[in-house]
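The values are calculated or read from the model by the stated rules, or taken from the named source; none is laboratory data. All values derive from a computational prediction rather than experimental measurement. Note: ideal-geometry Cβ built from the backbone for every residue, glycine included; neighbour counts use all protein chains shown.
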Amino acid sequence: MIVVQNHIKVKQEYREEFEKRFSGRVTHLKEFPGFVRNEVMRPIKGDSYIVMTFWESMEAFDAWVNSEEFRKSHSGGNPEMFDGPNTLSVHQVFSSTVK
């Protein structure tokens, strides 16, 4: 399994708008081949939201990034809401514990 983390800095005055926008755009992601789950985390300590997507494979993630669905879901945003560049990291899960 592949986990992609996108750290997104959002200006305080745009956080509500960011959360509303993000909450409404995951629908087509659920149907994408190889997608497992998505989690969006609000900062409590720190200054970045973290968007985590879980994928069956790197190939599935690459297919998503190169898809028309990806382009649609990342268009039409308000660039003024961001407080610096995003930081993206990709990891492979080699161990996991679930209660």
In segment 55-68, the residues that are surrounded by 13 or more Cβ atoms within 10 Å (Cβ to Cβ) and assigned to a helix (DSSP H, G or I): 58, 60, 61, 62, 63, 64
Any chance residue 6 is surrounded by 14 or more Cβ atoms within 10 Å (Cβ to Cβ), modelled with pLDDT under 95 and not in a helix (DSSP H, G or I): no
Pairs, first of a type outside the set (Phe, Trp, Tyr) in segment 54-74, second surrounded by 17 or more Cβ atoms within 10 Å (Cβ to Cβ) and in a strand (DSSP E or B), C-beta under 8 Å, six or more apart: 56/2; 56/35; 57/2; 58/2; 60/2; 60/35
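Of the residues 98, 40, which single one is surrounded by 14 or more Cβ atoms within 10 Å (Cβ to Cβ) and farther than 12 Å from residue 2 by Cβ?
Values: 98 fails: surrounded by 14 or more Cβ atoms within 10 Å (Cβ to Cβ).
From the options 98, 40, the qualifying one is 40.
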Matching residues in segment 75-97 - criterion: being in a loop (DSSP other than H, G, I, E, B) and under 21 Å from residue 65 (Cβ atoms): 75, 76, 77, 85, 86, 93
Residues of segment 33-54 satisfying the condition of being in a loop (DSSP other than H, G, I, E, B) and at negative phi: 33, 42, 43, 44, 45, 47
